[in-house]
Amino acid sequence: MKSLLMAVAITLFAFGYSRAEDTITVTDAWVRQVPPASTITAAYMKIANNGSEDDKLVSISSTAAETAEIHHSSVDDKGVAKMEKADGVTVPAGGTAELKPGSYHVMLIGLKEPLKDGESVELVLDFENAGKVTVSAPVKGMDKQPHQDHSHHH
Ligand SMILES: [Cu+2]
C-alpha cells in the first residue's frame, strides 16, 4: 500500500513537472561572468509560453547567490540609464519574453563563489501559473559577452 501511494505521488509529481516544462520553455539562458571581487551579476534568457493563458515570472532563486531579483533597465527621456526592481515579467500566451541587457534581467546578489567560465548556475524560476521551472544557465566568460549593460553600476 505504501509503495502504491509512493508510485501515485511520483506520477503526480512527474505530471505536474512535465506540464510546467511543456507550457514554459526557457532557452539561451546565460550568466555574466564578473571579476572575482564582484559579488553581483546578471542573468539573461528567453522565455516562451506555449500555453493558452498569459503567465508571469514572479520570482527567482539560485543556489549560487544569496538573493535573486528581477530587474528592469531602461533609459529615460533625458538619456539616463536606470534600473529598477520589477514585480515580474509577463510572458504572453503563445508569445515570448526576453531577459536581455538593457531590459529585464535577473540580478544575482551575493554570489557565494566566483563564477567560472563554462560552469553552469542553476536558476529556479517561479511562474504564477506554470509553477517552478529549473534552468541551468552557463556562465559566459568576460571575453564572450555582448556589450556591458551600463546600468549595472550598483
Ligand atoms: Cu539589475
**Prompt:** When the scattering of the chain is computed by the Debye formula from its Cα atoms alone, each counted once and equally, what is log10 I(q)/I(0) at q = 0.08, 0.18, 0.19 Å⁻¹?
**Reply:** -0.26, -1.07, -1.15
**Item:** Helix-only mean residue ellipticity at 222 nm for the chain, each DSSP H run of n ≥ 4 adding -39500 (n - 2.57), per residue, nearest 500
**Value:** -5000 deg cm²/dmol
**Message:** Within the range 2-142, what whole-number % of the accessible surface is contributed by carbon and sulfur, with the 1.4 Å probe and all protein chains included in the calculation?
**Reply:** 55
**Item:** Label-point separation, Glu98 to Lys82 (7 Å along Cα→Cβ), nm
**Value:** 2.5
**Prompt:** Quick one: length gained pulling Gln145 to Asp54 fully straight, 0.36 nm per residue minus the C-alpha distance?
**Reply:** 29.7 nm
**Message:** Within the range 53-76, list the residues whose amide N lies under 14 Å from a label point set 7 Å along Cα→Cβ of Thr39.
**Reply:** 64-68
**Asked** Within the chain, what is the longest stretch that has no trypsin sites (Lys or Arg not before Pro) placed in a DSSP loop and near at most 12 other beta-carbon atoms within 10 Å?
**Response** 1-77
**Message:** Here is the link list: Lys85/Lys144; Lys56/Lys85; Lys82/Lys112; Lys56/Lys140; Lys56/Lys144; Lys46/Lys78. Which ones come out longer than 21 Å on Cα distance?
**Reply:** Lys85/Lys144; Lys82/Lys112; Lys56/Lys140; Lys56/Lys144; Lys46/Lys78
**Asked** Per residue, what accessible area does the range 2-142 have, given a 1.4 Å probe and all protein chains present, in Å²?
**Response** 55
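The values are calculated or read from the model by the stated rules, or taken from the named source; none is laboratory data. Since this is a predicted model, take the numbers as computed values, not measurements. Backbone-built Cβ (ideal geometry, glycine too); neighbour counts: all protein chains shown. Accessible surface areas use protein heavy atoms only, side chains included; no ligands, DNA or RNA. Shrake-Rupley method; radii C 1.70, N 1.55, O 1.52, S 1.80 Å.
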